[in-house]
Amino acid sequence: MIFKSLTLSSVLLFNIFILNAQPDRWQQQIDYTIKVNLNVTTNLLKGTEEIAYTNHSNDTLNKVYFHMYWNAFQPNSAMDIRSRELGKNILTIRRGAAISSASNLGLVGEDKVQDWDARVKDRIQYLKPDQIGFQRVTQLFINGVAQKLIDHETILEVQLNKPIAPHSTIKMNLNFEAQVPVQIRRTGRDNAEGVRFSMSQWYPKLVEYDYQGWNTNPYIAREFYGVWGNYNVTINLDKNYTVGGTGVLQNPNALADAAGIKTWNFKGANIHDFVWAADNNYKHLSKEVRKGLTLHVYYKQKDATADSAWANVLWAAEKVLPYIEKKFGAYPYPQYSFIQGGDGGMEYAMATLIKGPGLGTVFHEWMHCWYQHILGSNESLYPWMDEGFASFAEDDISYWYENNLATLSPYISEAAKKQINASNEINKKLLPSIQFGNYGSYFSLAKSGLEEPMSTHSDHYNTNFAYSRAAYSKGATFLGVLGYIIGDSLRDKVMLNYYNAWKFKHPNPNDFIRVAEKTSGIQLQWFKEYFMNSTKTVDYGLNDIQVGDKGAIISIQREGKMPMPIEVLVTYKDGSSELHYMPLDLMLAGKKVEGVGTRIDHPEWQWVQPTYTFETTKPLSALKSIEIDPSYRMPDINRSNNKLEIPN
């Protein structure tokens, strides 16, 4: 295998390029040099950090803060209490239908569920002293002077003896020690698949300070936010272990010392987190898929089936990469690692921890390298910009892969290929939008009585159910609906423009909406306010049909509280059809014609008006059917009144 080192000059040029290419919003800069020793017998970690921190803001900083994530894995921690409290909730959840045709999109049946995070439940309270996690900074110096430290469980406050002036750089040195917890959530040792160490959130990590101030989110359950910078990480542990993680390995030919300890040195440039995993039975696959980019897979070697499945991860990732980059932007880093570990799937810079080789999870977690680690939105405040966008991309990529490449894989059995082909034939008859799974999940949230605005802080949702459906499903639906409002092709252009404008920055929802407005020429603040900041829903229905002078007079009723532009497909008995389009007045423009066929544009629908009436080009006697939203991209929560079939 070929490993390439990152030189200081290349890092500086890279940073200068991305800073010059972005909108003018300051952000902090950090460079970590971390050295750590892991005792694989005692599960204890000891390390040092040398930190260069640049304050690009105009503010004088009297304190800094560090995340100490592993302190959450102790009985009666905030994470423990919060998980147990949410677990007391018994929710009645309406199930989404298994969609077999576009007409039966809806909800069927109910489930009584306990509102656990199934991975955490009440496990933390039963941890024994040698099973808990902890992180402690034993000393922290600035210019050789010890600083005052105050522990707030998972947040460490550093009261500076000398403030950090605006536009200045300081250097910090700290010593820390930690115990790797048994695997509970994302991180830890000895997970369900037997991976020895999943090392995420493992080091004292400086809290991000941005235009909204310090983001001192305690580790309750959810998401992460970090400072852009460069990492130089040295890991020392037993020579029998293989290590995979963030960054490029600098010493692939290193040998163990006399004590049997091997050193692994990784570097990563322009990232805001670092993850690694280690196991004494990892198998490592890698391929340089193009000049300057190597993909890696690390997994527990068990049998031939596992070998094929994980090899297929590498094969599929290489094949979908050109499509991903065409749709969502170029992958800028020199490597990416798919690492078996953790408790499901979790994204980190240049790497993911995943339990198994399922390609849906593989695509989802990889897309987090775009929607979190390149476009570094604040996951705590806007989890839907991360999880929702990754979910949207996951379905888009999965659909493309299954319809173009899945049956070509040498690692898929003949039986599986037949099943995929059969599924593809069904998919062709489904919704024109491939996001029906996300829409259906959002509908179940909207009808549950548990929905909260997507602007809710990720740690402060009342239920795990409301958080997950809002962040993942409604977030993905947001992009599907944007395609309905401005057109799918323009929405895809928005995604690329958003990437190019805000990569290596911390964009917020308004930043995304402004890109969409500039790209489409359509006003969209109303859409953001309704869909993100409220729980109002879309519901339109056919109201009345009458005979007009030339054609049929059709009346549409707005039943829901959220307005939308409306498309109505009128089909005639002679086989012809016409799409009637009514832009919303708040848009101050209409979208361009999509696809082929006849579109008839009508005056804008004022959002304050509950009804709208238009006339067809042929008489009522010629009508065969009338359907509101024939593309199924509008998130109408009740489609029972959307279509009328007229008998002969």
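See the values below:
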item	result
Single residue of E615, E645, E604, E627 found to be in contact with a Ser or Thr (Cβ under 7 Å, 6 or more places away or on another chain) and either in the same structural domain as P565 (by TED's automatic domain parsing) or surrounded by fewer than 15 Cβ atoms within 10 Å (Cβ to Cβ) (or both)	E645
Members of region 453-465 that are farther than 15 Å from F478 by Cβ and assigned to a loop (DSSP other than H, G, I, E, B)	H457, Y461, N462, T463
Boolean, T246 is touching a residue at least 24 places away in the same chain (Cβ under 8 Å) and within 21 Å of the chain's Cα centre (by Cα)	yes
Verdict on G194 being assigned by TED's automatic domain parsing to the domain that holds L38 and touching a Gly at 6+ places or on another chain (Cβ under 8 Å)	no
In region 334-351, the residues that are among the aliphatic types (A, V, I, L, M) and in a strand (DSSP E or B)	I339, M346, A351
Region 40-56 residues that are free of Cβ contacts under 8 Å to residues at least 24 places away in the same chain and over 30 Å from Q27 (Cα atoms), paired with ones that are assigned to a loop (DSSP other than H, G, I, E, B) and acidic (D, E) (beta carbon under 7 Å, 6 or more apart)	none
Matching residues, region 509-563, being closer than 18 Å to E452 by Cβ and among the aliphatic types (A, V, I, L, M)	M532, V538, M562
Members of region 430-453 that are over 23 Å from I90 (Cβ atoms) and modelled with pLDDT of 95 or more	P453
Any hit, region 429-448, residues being assigned to a helix (DSSP H, G or I), surrounded by 19 or more Cβ atoms within 10 Å (Cβ to Cβ), free of Cβ contacts under 8 Å to residues at least 24 places away in the same chain and hydrophobic (A, V, I, L, M, F, W, C)	no
Extreme residue, surrounded by the fewest Cβ atoms within 10 Å (Cβ to Cβ), among residues of region 352-407 that are touching a Lys or Arg at 6+ places or on another chain (Cβ under 9 Å) and in a strand (DSSP E or B)	L375
Criterion (without any contact (Cβ under 8 Å) to a residue 60 or more places away in the chain, in a strand (DSSP E or B) and crowded, with 17+ Cβ neighbours inside 10 Å) met by exactly one of Y298, Y331	Y298
Sole residue being of a type in the set (A, V, I, L, M, F, W, C) and in a strand (DSSP E or B), chosen from I513, I545	I545
Residue list for region 47-76, filter: of a type in the set (A, V, I, L, M, F, W, C), crowded, with 16+ Cβ neighbours inside 10 Å and in a strand (DSSP E or B)	I51, L61, V64, F66
Condition check for T263: assigned by TED's automatic domain parsing to the domain that holds F197, over 25 Å from R189 (Cα atoms) and in contact (Cβ under 8 Å) with a residue 12 or more places away in the chain	no
Some residue of region 302-319 being in a strand (DSSP E or B), in contact (Cβ under 8 Å) with a residue 12 or more places away in the chain and within 30 Å of N500 (Cβ to Cβ)	no
Matching residues, region 550-592, being in contact (Cβ under 8 Å) with a residue 60 or more places away in the chain, more than 21 Å from L490 (Cα to Cα), within 36 Å of the chain's Cα centre (by Cα) and not in a strand (DSSP E or B)	E559, G560
Qualifying positions in region 278-295 - outside any strand (DSSP E or B) and either over 28 Å from N43 (Cα atoms) or outside the structural domain of T242 (by TED's automatic domain parsing) (or both)	K291, G292
Considering residues of region 207-220 that are under 11 Å from I155 (Cβ atoms) and out of contact with any Ser or Thr (no Cβ under 6 Å at 6 or more places or on another chain) only, the residue surrounded by the most Cβ atoms within 10 Å (Cβ to Cβ)	N215
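This table checks each residue for (1) buried (at least 19 other Cβ atoms within 10 Å of the Cβ); (2) hydroxyl-bearing (S, T, Y).
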site: T242; (1), (2): no, yes
site: G245; (1), (2): yes, no
site: L249; (1), (2): yes, no
site: A254; (1), (2): no, no
site: V275; (1), (2): yes, no
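This table checks each residue for (1) part of a loop (DSSP other than H, G, I, E, B); (2) polar (S, T, N, Q); (3) in the same structural domain as Q29 (by TED's automatic domain parsing); (4) at pLDDT 95 or above.
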{"site": "S103", "(1), (2), (3), (4)": "no, yes, no, no"}
{"site": "D117", "(1), (2), (3), (4)": "yes, no, no, no"}
{"site": "R136", "(1), (2), (3), (4)": "no, no, yes, yes"}
{"site": "F141", "(1), (2), (3), (4)": "no, no, yes, yes"}
{"site": "I150", "(1), (2), (3), (4)": "no, no, yes, yes"}
{"site": "N161", "(1), (2), (3), (4)": "no, yes, yes, yes"}
{"site": "P166", "(1), (2), (3), (4)": "yes, no, yes, yes"}
{"site": "T169", "(1), (2), (3), (4)": "no, yes, yes, yes"}
{"site": "N173", "(1), (2), (3), (4)": "no, yes, yes, yes"}
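The values are calculated or read from the model by the stated rules, or taken from the named source; none is laboratory data. No experiment lies behind these values; they were computed from the predicted model shown. Cβ sites come from the backbone with ideal geometry, for glycine too, and all protein chains shown count toward neighbours.
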